[in-house]
Every structure is written in C-alpha cells, then in structure tokens.
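Only one structure is covered here, and it is reproduced in the block below.
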Amino acid sequence: MKYTAKQITDWRSYERVRKSGKYNMLDADARRATGLDRNEYVFVLKHYVALREAVDGKRDYNRGFATAADDRARRDRKMKGGA
C-alpha cells in the first residue's frame, strides 16, 4: 500500500512520542502529545508496521513483536558468534 506524505508525517509524530518512552501509546495523553486527531492516531495504530516498513524501506518479519530483551539476546548471540 502506498501512503501519503501526511500519513508518513503522522507516523513520524507518533514515533517521536513513542520513542520518548513517556507514555503508554494506547493512552489518550499519548495521542494528545502527538498532536494527531483521533482518526489520524487510529490510522497510525492500525497501520504502524506497514508505515514503518514504508519509511524504513525494509520488511519487518517480526511484525512489531520484538522486545528490547529480544534485541539484547540477538546482539549477545551475534557477539558470541551465533546466529
């Protein structure tokens, strides 16, 4: 799916707030912090992974379910010479 420049900008606003770590992204305060209206916010939530893939230009096979612990474990395995 192709996304508009506005939808990509909305995703970036969402991502900026998400990366701040200050909010539960399902909370109304998080939506207010993004500056998005309810419809824009729900669109980003529903299409988060696809929007991220459109911005990053690569496919995420974890589909957004990787955690920081998963990332650390993957990095540790790589440092030990594992896959």
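Coordinate-derived values only; no laboratory data. Since we're looking at a predicted model, the values are computed, not measured. Heads up, the Cβs are rebuilt from the backbone with ideal geometry, glycines too, and the neighbour counts pull from every protein chain shown.
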**Request:** Starting from segment 4-20, keep only residues that are touching a residue at least 60 places away in the same chain (Cβ under 8 Å) and under 16 Å from Arg31 (Cβ atoms), then list their pairs with residues that are assigned to a helix (DSSP H, G or I) and not β-branched (Val, Ile, Thr) whose Cβ atoms are within a distance under 8 Å, requiring at least 6 positions of separation or different chains.
**Result:** none
**Tally, over segment 15-44, of residues that are surrounded by fewer than 16 Cβ atoms within 10 Å (Cβ to Cβ), within 14 Å of the chain's Cα centre (by Cα) and not in a loop (DSSP other than H, G, I, E, B)** = 4
